[in-house]
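Scroll down for the structure; my scribbles are underneath it.
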Amino acid sequence: MKQILVMTILLCVSVMSYAQNDKYQKAMEKTIAAFDTCKTAEDYQQVSAAFERIGDAEKTQWLPYYYAALAMEFKGFTDQKGDKDEIANRAEALIAKAEAIEPKNSELFLLKNMSATLHMLVDPMNRWQQYGAVARQALGTAKAIDAQNPRVYLMEGESLMNTPAQFGGGKDKARQSLEKSVELFKAFKPVTPLHPVWGQKRAERMLAAASK
């Protein structure tokens, strides 16, 4: 009788756990699909909030906070009139939530690179030294953690494209990084269907621009 009771309890726990995981999976799939259709700053804002709600409900999953921060940063790059410092600060708060669950993750350091870039864009001439260094350090850490992450080389290539040749940038150097990114994307497989897959088309477009 005792064994039957134990088995019943374990079965109930297993069913409840499966139901929770299924609910999380479906919520993430739906919100990622919405993310893929975003076009405006308001779209990104709404999707970011949706991901954050999923993260707050789950509490042990870093991916919702990752996507919430990513959407917030895309909002910052899309919204030309928005307060980029405020948007970057909000993204950094979301990154911190993700990092508390999943420390030393390459994808999260790429987000840090993006938030530093947003801060820098407020006043590039006066902020380059401070935030440029933060962005480079975050990118270097992302590469050290996972040198096979194609988004590392995409962002490295973008940075080099936007840096004058006399300061170590230019199309030639950018092309090398972007070629690496495209090469890695061809063999890239996400850990799960919910993990980041974005960037391949962007890398291909950037490589075409750097090759002209």
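Every number in this text was worked out from the coordinates using simple rules, so none of it is lab data. These numbers come from a predicted model, not from an experiment. Neighbour counts run over all protein chains shown; Cβ positions are idealised from the backbone, glycine included.
Would you please classify the overall shape of the range 111-212 from the alpha carbon gyration tensor, given that a ≥ b ≥ c denote the square roots of the eigenvalues, rounded means a/c under 1.5, and beyond that prolate means a/b larger than b/c while oblate covers the rest?
Cα axes put the range 111-212 in the oblate bin.
Kindly provide the helix-only [θ] at 222 nm of the chain, computed as the sum of -39,500 (n - 2.57) over DSSP H runs of four or more divided by all residues, to the nearest 500 deg cm²/dmol?
-26500 deg cm²/dmol
Ranking request for peptides 49-62, 23-36, 162-175, 103-116: highest mean number of other beta-carbon atoms within 10 Å first, then the rest in descending order.
Going by the mean number of other Cβ atoms within 10 Å, highest first, we get 103-116, 49-62, 23-36, 162-175.
Please work out the FRET efficiency for the pair Asp83 and Lys201, using the Cβ-Cβ distance as r and a Förster radius of 25 Å; give the result to the nearest 0.05. Show your work: numbers first, answer last.
Values: r = 29 Å, r/R0 = 1.17.
Given R0 = 25 Å and the Cβ-Cβ separation, E is 0.30.
How would the range 88-170 be classified by its alpha-carbon gyration tensor: rounded, prolate or oblate, with rounded meaning a/c under 1.5 and the a/b versus b/c comparison settling the rest? Mind showing how you got there, number by number?
Details: a/c = 2.61, a/b = 1.31, b/c = 1.99.
Oblate, since a/c reaches 1.5 and b/c is not below a/b.
Any idea what Rg and Dmax come out to for the chain if you just take the C-alpha atoms, in Å?
19.8, 80
Ranking request for peptides 135-141, 147-153: highest mean number of other beta-carbon atoms within 10 Å first, then the rest in descending order.
147-153, 135-141
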